[in-house]
1. Which ordering of A:Glu132, B:Glu83 is given by a fewest-first count of other beta-carbon atoms within 10 Å?
2. Suppose every K and R has +1 on its Cβ and every D and E has -1 on its Cβ; what is the size of the dipole of chain A about the Cα centre, in Debye to the nearest 20?
3. Given R₀ = 56 Å, FRET efficiency for A:Leu5-B:Tyr231 by Cβ-Cβ distance, to 0.05?
4. Mean Kyte-Doolittle of at least 0.0 plus a Cα span of 15 Å or more along the axis: flag which DSSP H helices in chain A meet both, please.
5. Note down the nm distance, to one decimal, between modelled labels 7 Å out along Cα→Cβ at A:Ile15 and at B:Asn75.
6. With each label point set 7 Å from Cα along the Cα-Cβ vector, what nm distance links B:Ser300 and A:Val85?
7. Treat the count of other C-beta atoms within 10 Å as a stand-in for reagent exposure and order A:Trp7, A:Trp40 from fewest to most.
8. Taking the beta-carbon count within 10 Å as an exposure proxy, list A:Arg81, B:Arg296 from fewest neighbours to most.
Amino acid sequence: MKKDLWWLILPVGLILIVVAIVIYYINRIRVLSNIVDNAWSQIDVQLKRRFDLVPNLVETVKGYMEHEREAIELVTKARERMMGVTTTKERIEAEGALTQALKTIFALAENYPQLKASENFRLLQEQLEGIENKIAYARQFYNDSVLRFNNMITTIPGSFFAGGRAPREYFEIPEGERAPPRVTFK
Amino acid sequence: MSKISFHDQMTKNRRQSILLSFFVFLILLALVYVIAEIFAPGYSLIVVGFASIFIGIYILMTYRYGDQILLTATNAKPATGNEYVFLRNTVEGLSLAAGIPSPEIYVIESDELNAFATGRDPENASVTVTTGLLKNLKRDEIEGVIGHELSHIRNYDIRFATLVAVMVGLVAILSHMLLRSFRWGVRGRRRSKSRGRDGGGLFLALGFVLAIFAPIIVRIVQFAVSRRREYLADASSVELTRYPEGLASALEKIMQTNKGKMNVSEAVSHLFFVDPNKSALDAVYATHPPIEQRIRILRSM
């Protein structure tokens, strides 16, 4: 009687263990994938905040930096360009252009002591630098998340449960952004 | 790879939290039982029953509101206002890098250079820094310190630390009560003996041993666990900022500047970035590893 029972318990237990493992990996892959999506949207949040702050900066700077119309124009243009983008690649490029334009403005601001002394400008600069850092950190977390997800679905045993999911793409910094900003003093 | 080991670390921390709570809870019950046997022999089981309910509620409440109590006790104020824009940006940015929601941010008016994180989990957490830290450190150094504190939050160290603070405090109070009462407790024993009750002496001796050793045992657990976590948080901080030198030079400056007079209770000293009381810098009883050692490890990364 007892022996018969063992024949039942053993396979059922084994099946339960296998089912538990399968559920764990399927869920884990889903969770990691969601984290990657969330990490991507975190970058978006910061980019949007920067986008919203740019007009403020332009307004503040205009009065002081009359000789730097070109540089200010560049910022406004980069911002406008972002509204028209459709593909991810275009967007990354437009974001890069805006980053460059902002860097130029802040570098040029060094020549305008009155502007630098303005409380409003200092706050804006602090805010935008903070956002710039946050964008970098958000990208770092995004890439970390992608690494974790890709590791999971390309190594055994995770790869058995990947269900044809492709590895996610890393956020690569566009070519132009790698070079330090060019600043010309007239 | 390192991320996976962090995941393991969180599971381990959770397990350790439960184990430690259980262990200290037993010590607390033993203390209560001995106190009851000495002062109310015959009613000890009833006393223990009520006491365990009371202790349970106490632990739950302090666990729930411990961070608020700590923030109030250290006189921490919310970091609103324009002078803290950089601090807020740093905390928010590094939270993004750590993948946790941004914690609440507080500031303590003090010339000492220190910081702490507290709360239950990443959703209910806060980071506090002293104004001295903001004044005396450069930006990448502050980033290193904040990264360290955020790592405590991400690794669930804060939950463990809050629990430890609560329990260490409770054991200390009960042991203190017991030791104090021995002065007139001796008279009490004589009276009970005259009533013909045996075993009073045994419990008295037991109580004496417990009162002396319980706080020490609990503190040793606290030291051992919290020191290991400091190293881990240093490493995680570098993982976030990708700049070991920032944290290393922050530690160096703190070592030179701090005088160790922040007036913080020993029960919560393990929550801080560096030990707030210099008397506790002694190697055995320190809740933090020696700063020189931390700097050496960071510089070798």
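Derivation of every value follows stated rules applied to the coordinates shown; laboratory data play no part. Bear in mind the structure is a predicted one, so any value in this text is a computation, not a measurement. Neighbour counts are summed over all protein chains in view; Cβ atoms, including those assigned to glycine, are modelled from backbone coordinates with ideal geometry.
1. Working: A:Glu132 18, B:Glu83 11.
In order of increasing Cβ crowding within 10 Å: B:Glu83, A:Glu132.
2. Numbers: 25 positive and 23 negative charges, 151 e Å.
That gives a dipole near 720 debye.
3. Working: r = 51 Å, r/R0 = 0.91.
Using R0 = 56 Å, I get an efficiency of 0.65.
4. Details: long enough: A:2-64 (92 Å, 0.60); A:69-83 (22 Å, -0.58); A:88-109 (32 Å, 0.15); A:119-154 (52 Å, -0.57).
Within chain A the helices that satisfy the rule are A:2-64, A:88-109.
5. 6.8
6. 4.4
7. On the way: A:Trp7 9, A:Trp40 18.
Going from sparsest to densest Cβ surroundings: A:Trp7, A:Trp40.
8. Details: A:Arg81 16, B:Arg296 11.
By the 10 Å Cβ count, ascending: B:Arg296, A:Arg81.
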